[in-house]
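A.B. asks: A single structure is presented below for examination.
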Amino acid sequence: MRPQLFRRAQRARSLRPARAPAAAPRRLTGALLAAGLLTALAAGPAVARPFTVGDLLSLQTLGDAAVDPAGRWLVFEVRDPYQAAPAFDCELQIELSLNRLWRVDLAAPGPARPLLPDRGVSLGPASPDGRRLAVFRLQGGRWELGVVTLADGAVRWLGVTPDRAFIGRSIQWRSSDELVALIRPDGDLPRPLRAGCVAPRLAPALWRAQAEGRASRAVVGSGAMLGADAGPTDLRVLWRLNLRTGAEQRTPVGEAYDLELSPDGRWAAVLADGAPVGLTAEQPLHGVWGITARQRVLKLVDLRSGAVQAPAEGWDLLETLLTWSPSGRQLLLYGRRPGTPWTAGAFLQVRPGGGLARVLPTAGAPARLNLRPEAVSAGWLGETPVARLQPSGDAAAPWMRLQPTGPRPLLPDLDEIPERLLVTPDGRLTLAVGPNGTWRRDRTGRWRPAIGERPDPIARRFDADRLSFATVTRAPDAAAQLASTLEAPRDAVVLARTSAGADSRIVYAVRDAHGVLRLQQAGPQGAPATLLTLNAALADVEPAAATRIEHRGADGRPFVSWLYQPPRSARRPGPPPPLVVLPYPRVNPISAPTPDGLPGLLYLPPNGQLLAAQGLAVLVPALSYKPGEPAAGLADGILAAVDAAAARPELAGAFDPDRLVLWGHSFGGSASLIAASQSPRFRAVVASAPITDLISFYGTFQPSWRHTPELEVAVTRPAGWVEAAQPALRAPPWAALDLYRRSSPVLLADRIHTPVLLLHGDQDAISLSQSEEMFSALFRQGRTARLVTYWGEAHVIRSPGNVEDVYAQVLDWIRRWTAWPPASEALSRDAGPSPAPTAPPSAPPSSPALQR
């Protein structure tokens, strides 16, 4: 399980820009820019030193980027050095507090300039005429909506608190003068901004009440008591503001969290919380994200009259599909009846003012459903809904037109099934983008490969996470993008294009081999101009060299793993270094390098570049597993990659295959412990935030649920993860005890003889008790183990002092059990090029790597 298990989809994303998910045109996210800009192998300045933890904590990153609808302004977020955040307890607030807005005038090429002087300001949507931009400010514990004029940077703060959902949007422009937003009348921070810090901030007051003799309790019910103890609700208001006249309209919409305006501006489709969701013993669980404590219901607000309709009563709606047809006369959703899995759901067609939702027939074929979060591939082709269906026995999941008489094939003349479609506003399908390329229709209407052509990578928008799952996108400028002769470097991410003949321009972000990130602008002639440079201090950092390792997995499939050798500046004389393996099992491993091994990315522990800079060799293996039997063959899969690398003649002496160390995080931590139970070849194991006991994890609350059960206790999220997501055991513990036993590392502890270091945060959604159970099992047998608890930390260790300590603990563990001498000061934060804004904490005596 990754950090995003109970959060929005910082979800599994493709690393290469060509595979970025589709969404609204001309919009990119920081996550894509952070995880998607692969290293460009251009020559750089002479290198002098290895990467340090100071470099890691000093990294600046790009956030969201957008071009206004008029095509004049490119606006993007630049995040200050990570360690400059004012606090590190609330997870999402860290990146939001570091944001600064910059702009580029695409009509007058020149350097990027700040749009606003303030920090903590994030990007929202632009007005239709391109003159204004909605912005969000995080300051003094408040989250506030504002509007900035792009030409001069004049900003007007509106004094209201917009909502922010894990998936979905809170604000849209109804016209160039009118905003529509979901706001919180109480002014409290939205729930996502409180993630990770609810319990630490509430607990002292509850403890104080107990100490003073007052009641301090939390109650949650099930069955006949479901919802009986519900507390205060998180109410929202649909707020309309005319910026020119100052006129306002407020419509109560209950516990709403997401809105989508119809293209004609008449209707607002709002998703809200409905009745509590219960379960029965016979009900199968499906997925993780979509299993919540309450149903998701639809409310349609008539923006002329303020009247509210509920046309999809009796349905629990999927929050990743909420899309209007181009005319605004129809709305497409996907829902299920309460008590059924998402695989038993249906596509719903809603006509405002036309009564109840209509179920679109699919001839018994279920929708193709993605997990974490649950999402279907669907959208509008003109006024006809289209979707990918998965008929029985057909793994291909073809695109179908959803018609009243039943589904009809959409692309019968195209051999490969595309992942996403790009259509013009009038409903013409112009481009189909698949895993092996892009196709376009020729003048005769036949499909042909678009050799060397692909649409610019586009990801979700800051204010509309749902659009990251859109697979049918209205992209009127797609053909113009493809027709352009301007090319960005292969591993760049395109932020903007202008189409003006000889004055055409392209703006992109590219990361060099050292991790230095540049925004560049190129035209038809001349060398690209650099608009902005981030992390210039990395120019003299020598990155670890990546070597592609092709091999067969334990199941015989061809895989690609990646070996990172220490840079020359970090190598030392003597025997080959140990090999640190960073495992993370995937059903279908990807072949591209992953962020844990790429330079210049703000990837906190475990960071392969940082380990290689200490003189260690690092392997990121392509590791597969079988859902339903997650423990089967994990050690064999890891060792297949190790042995393939060791067998390469050119890698002789690159590492010692007899000194192997495992460091896995989350689901990778579980895999590391299981692998240690299956093979004696590993000298040491580090497991950070592992799930060790699937039986206890199945029903354990995360910290915030314990303190605010009246808001949400989604017991079925961990249960759904076990039954239907990564382990996919398909049954509860009492129905499949043997399967849980062989899939839970703690129940295999008698087979683990390797020294184990456990790292865990007490605010992790994966309970600290998971590591405590494993430690206790090893302690009971007299096996070597150490448990390090990090207070206030969630699933990813984020505090700079704790990040330092994690690497100190891990290096010390490796030194102890592999007889490998670490560098004396290479991990010191002070060794980095950028000064820390606050004094670093003192290093513990047991952490020689941090001694000053």
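A.B. asks: Could you tell me which of the residues ARG518, ARG548 is surrounded by 19 or more Cβ atoms within 10 Å (Cβ to Cβ) and at pLDDT 95 or above? Explain how you work it out, then say what you get.
C.D. replies: On the way: ARG548 fails: surrounded by 19 or more Cβ atoms within 10 Å (Cβ to Cβ).
Unique residue meeting the criteria: ARG518.
A.B. asks: Among the residues of segment 540-561, write down those that are part of a strand (DSSP E or B) and charged (D, E, K, R).
C.D. replies: Keep residues of segment 540-561 that are part of a strand (DSSP E or B), which gives 541, 545-552, 558-561.
Those that are part of a strand (DSSP E or B) and charged (D, E, K, R): ARG548, GLU550, ARG552.
A.B. asks: Kindly establish whether SER561 is more than 30 Å from the chain's Cα centre (by Cα) and touching a residue at least 12 places away in the same chain (Cβ under 8 Å). Explain how you work it out, then say what you get.
C.D. replies: Numbers: more than 30 Å from the chain's Cα centre (by Cα): no; touching a residue at least 12 places away in the same chain (Cβ under 8 Å): yes.
So SER561 fails the test.
A.B. asks: Looking at this structure, is LEU298 assigned to a strand (DSSP E or B), on the phi < 0 side of the Ramachandran plot and touching a Phe, Trp or Tyr at 6+ places or on another chain (Cβ under 7 Å)? Lay out the reasoning, then the answer.
C.D. replies: Details: assigned to a strand (DSSP E or B): yes; on the phi < 0 side of the Ramachandran plot: yes; touching a Phe, Trp or Tyr at 6+ places or on another chain (Cβ under 7 Å): no.
In short, no.
A.B. asks: Could you grab the pairs with beta carbons closer than 7 Å, sequence gap of 6+ or different chains, first residue in segment 258-287 and under 20 Å from GLY345 (Cα atoms), second one outside any strand (DSSP E or B) and acidic (Asp, Glu)?
C.D. replies: Note: pairs meeting the criteria are ALA272/GLU255; ASP273/GLU255; LEU285/GLU723; GLY287/GLU374.
A.B. asks: Looking at (1) in contact (Cβ under 8 Å) with a residue 24 or more places away in the chain; (2) closer than 30 Å to SER499 by Cβ; (3) surrounded by fewer than 21 Cβ atoms within 10 Å (Cβ to Cβ), can you tell me which one ILE94 breaks?
C.D. replies: Evaluating ILE94 over (1) in contact (Cβ under 8 Å) with a residue 24 or more places away in the chain; (2) closer than 30 Å to SER499 by Cβ; (3) surrounded by fewer than 21 Cβ atoms within 10 Å (Cβ to Cβ) leaves (2) as the failure.
A.B. asks: Now a separate question. Restricting to segment 720-732, count the residues that are touching a residue at least 24 places away in the same chain (Cβ under 8 Å) and either surrounded by fewer than 20 Cβ atoms within 10 Å (Cβ to Cβ) or in a loop (DSSP other than H, G, I, E, B) (or both).
C.D. replies: Kept after step one, since they are touching a residue at least 24 places away in the same chain (Cβ under 8 Å), are these residues of segment 720-732: 720-730, 732.
Within this subset, residues satisfying the condition of being either surrounded by fewer than 20 Cβ atoms within 10 Å (Cβ to Cβ) or in a loop (DSSP other than H, G, I, E, B) (or both) are 725-730, 732.
Qualifying residue count for the region: 7.
A.B. asks: Filter segment 239-282 down to the residues that are part of a strand (DSSP E or B) and of a type in the set (D, E, K, R) and list them by number.
C.D. replies: Pass one, segment 239-282, residues part of a strand (DSSP E or B): 239-242, 248-254, 256-261, 267-276.
Once the filter is applied, which keeps residues that are part of a strand (DSSP E or B) and of a type in the set (D, E, K, R), segment 239-282 yields ARG240, GLU248, ARG250, ASP258, GLU260, ASP273.
A.B. asks: Follow-up. For segment 513-546, what are the residues that are among the small types (Gly, Ala, Ser) and under 26 Å from the mean Cα position of the chain (by Cα)?
C.D. replies: Initial filter on segment 513-546 (among the small types (Gly, Ala, Ser)): 513, 515, 522-523, 526-527, 529, 536-537, 539, 544-546.
Selection gives ALA513, GLY515, ALA544, ALA546.
A.B. asks: Same structure, new question: Out of (1) surrounded by fewer than 23 Cβ atoms within 10 Å (Cβ to Cβ); (2) in contact with a helix residue (DSSP H, G or I) (Cβ under 9 Å, 6 or more places away or on another chain); (3) small (Gly, Ala, Ser), what's the single condition that is false for SER561?
C.D. replies: With (1) surrounded by fewer than 23 Cβ atoms within 10 Å (Cβ to Cβ); (2) in contact with a helix residue (DSSP H, G or I) (Cβ under 9 Å, 6 or more places away or on another chain); (3) small (Gly, Ala, Ser) applied to SER561, the lone miss is (1).
A.B. asks: Which condition does LEU206 not pass, out of (1) over 27 Å from the mean Cα position of the chain (by Cα); (2) modelled with pLDDT of 90 or more, if it passes all the others?
C.D. replies: (2)
A.B. asks: Out of all the residues in segment 564-574, is one or more on the phi < 0 side of the Ramachandran plot, at pLDDT 95 or above and part of a strand (DSSP E or B)?
C.D. replies: yes
A.B. asks: Take segment 765-800 and flag every residue that is in contact with a helix residue (DSSP H, G or I) (Cβ under 7 Å, 6 or more places away or on another chain), without any contact (Cβ under 8 Å) to a residue 40 or more places away in the chain and in a loop (DSSP other than H, G, I, E, B).
C.D. replies: GLN781, GLU793
A.B. asks: Now for a different question. Pairs only if they're at least six apart or on different chains, beta carbon under 6 angstrom, first in segment 173-201 and on the phi > 0 side of the Ramachandran plot, second crowded, with 19+ Cβ neighbours inside 10 Å and outside any loop (DSSP other than H, G, I, E, B); list them, first residue then second.
C.D. replies: Between residues of segment 173-201 that are on the phi > 0 side of the Ramachandran plot and residues that are crowded, with 19+ Cβ neighbours inside 10 Å and outside any loop (DSSP other than H, G, I, E, B), the close pairs are GLY196/GLU91.
A.B. asks: Something else: What do you reckon, is SER824 closer than 19 Å to TYR603 by Cβ, among the hydroxyl-bearing types (Ser, Thr, Tyr) and either in contact with a helix residue (DSSP H, G or I) (Cβ under 6 Å, 6 or more places away or on another chain) or modelled with pLDDT under 50 (or both)?
C.D. replies: Details: closer than 19 Å to TYR603 by Cβ: no; among the hydroxyl-bearing types (Ser, Thr, Tyr): yes; either in contact with a helix residue (DSSP H, G or I) (Cβ under 6 Å, 6 or more places away or on another chain) or modelled with pLDDT under 50 (or both): yes.
No: the conditions fail for SER824.
A.B. asks: Do you know which residues across segment 593-625 are over 26 Å from THR52 (Cβ atoms) and in contact (Cβ under 8 Å) with a residue 60 or more places away in the chain? Even if it seems obvious, please write down each step before you answer.
C.D. replies: In the first step, residues of segment 593-625 are kept if they are over 26 Å from THR52 (Cβ atoms); the result is 622-625.
ALA622, LEU623, SER624 - these are the residues of segment 593-625 that are over 26 Å from THR52 (Cβ atoms) and in contact (Cβ under 8 Å) with a residue 60 or more places away in the chain.
A.B. asks: Given the criterion among the basic types (Lys, Arg), touching a residue at least 40 places away in the same chain (Cβ under 8 Å) and surrounded by fewer than 21 Cβ atoms within 10 Å (Cβ to Cβ), identify the matching residue among ARG79, ARG100, ARG72.
C.D. replies: Numbers: ARG79 fails: surrounded by fewer than 21 Cβ atoms within 10 Å (Cβ to Cβ); ARG100 fails: touching a residue at least 40 places away in the same chain (Cβ under 8 Å).
Residue meeting the stated conditions: ARG72.
A.B. asks: Hey, another quick one. Tell me, which residue of segment 134-178 that is under 29 Å from PRO373 (Cα atoms) and of a type in the set (A, V, I, L, M) is modelled with the lowest pLDDT?
C.D. replies: ALA165
A.B. asks: Search segment 687-710 for residues being farther than 19 Å from VAL788 by Cα and among the hydroxyl-bearing types (Ser, Thr, Tyr), and hand back the single one that is surrounded by the most Cβ atoms within 10 Å (Cβ to Cβ).
C.D. replies: Top of the filtered list is SER704.
A.B. asks: Can LEU226 be described as hydrophobic (A, V, I, L, M, F, W, C) and buried (at least 19 other Cβ atoms within 10 Å of the Cβ)?
C.D. replies: Details: hydrophobic (A, V, I, L, M, F, W, C): yes; buried (at least 19 other Cβ atoms within 10 Å of the Cβ): no.
No.
A.B. asks: Is it fair to say ALA537 is assigned to a helix (DSSP H, G or I), surrounded by fewer than 24 Cβ atoms within 10 Å (Cβ to Cβ) and among the hydrophobic types (A, V, I, L, M, F, W, C)? Spell out how you get there, then give the answer.
C.D. replies: Numbers: assigned to a helix (DSSP H, G or I): yes; surrounded by fewer than 24 Cβ atoms within 10 Å (Cβ to Cβ): yes; among the hydrophobic types (A, V, I, L, M, F, W, C): yes.
Answer is yes for this residue.
A.B. asks: Tell me whether segment 659-669 contains one or more residues that are over 18 Å from GLY608 (Cα atoms) and at pLDDT 95 or above.
C.D. replies: The initial filter retains those residues of segment 659-669 that are over 18 Å from GLY608 (Cα atoms), namely none.
For segment 659-669, residues over 18 Å from GLY608 (Cα atoms) and at pLDDT 95 or above: absent.
A.B. asks: Anything in segment 373-407 that is among the basic types (Lys, Arg) and either over 29 Å from the mean Cα position of the chain (by Cα) or more than 19 Å from LEU322 (Cβ to Cβ) (or both)? List them, or say none.
C.D. replies: First, pick out the residues of segment 373-407 that are among the basic types (Lys, Arg): 388, 401.
Listed by number, the list holds a single entry, ARG401.
A.B. asks: Additional query: Within segment 541-551, is even one residue over 21 Å from TRP663 (Cβ atoms), among the β-branched types (Val, Ile, Thr) and either in contact with a strand residue (DSSP E or B) (Cβ under 9 Å, 6 or more places away or on another chain) or without any contact (Cβ under 8 Å) to a residue 24 or more places away in the chain (or both)?
C.D. replies: yes
A.B. asks: Within segment 704-716, identify whether any single residue is assigned to a helix (DSSP H, G or I), farther than 20 Å from ASP762 by Cβ, of a type outside the set (Gly, Ala, Ser) and within 22 Å of the chain's Cα centre (by Cα), and answer yes or no.
C.D. replies: Within segment 704-716, the subset assigned to a helix (DSSP H, G or I) is 704-707, 716.
When the remaining residues are screened for being farther than 20 Å from ASP762 by Cβ, the result is 716.
Applying the additional criterion that residues be of a type outside the set (Gly, Ala, Ser) yields 716.
From what's left, within 22 Å of the chain's Cα centre (by Cα): 716.
Checked against the condition, which is being assigned to a helix (DSSP H, G or I), farther than 20 Å from ASP762 by Cβ, of a type outside the set (Gly, Ala, Ser) and within 22 Å of the chain's Cα centre (by Cα), segment 704-716 yields at least one hit.
Yes/no per residue for (1) in contact with a Gly (Cβ under 9 Å, 6 or more places away or on another chain); (2) within 19 Å of VAL756 (Cα to Cα):
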{"position": "VAL642", "(1), (2)": "no, no"}
{"position": "PHE655", "(1), (2)": "no, no"}
{"position": "LEU660", "(1), (2)": "no, yes"}
{"position": "PHE682", "(1), (2)": "no, yes"}
{"position": "VAL686", "(1), (2)": "yes, yes"}
{"position": "PHE697", "(1), (2)": "no, no"}
{"position": "ALA728", "(1), (2)": "yes, no"}
{"position": "TRP734", "(1), (2)": "no, no"}
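A.B. asks: Would you be able to say whether some residue in segment 62-81 is out of contact with any strand residue (DSSP E or B) (no Cβ under 9 Å at 6 or more places or on another chain) and in a loop (DSSP other than H, G, I, E, B)? Working first, answer last.
C.D. replies: Here is the first cut: in segment 62-81, the residues out of contact with any strand residue (DSSP E or B) (no Cβ under 9 Å at 6 or more places or on another chain) are 81.
Of the ones still in play, those that are also in a loop (DSSP other than H, G, I, E, B) are 81.
There is at least one residue in segment 62-81 that is out of contact with any strand residue (DSSP E or B) (no Cβ under 9 Å at 6 or more places or on another chain) and in a loop (DSSP other than H, G, I, E, B).
The values are calculated or read from the model by the stated rules, or taken from the named source; none is laboratory data. Nothing here was measured: the structure is a model prediction, and the numbers come from that model. Ideal geometry is used to build each Cβ from the backbone, glycine not excepted, and the neighbour counts take in all protein chains shown.
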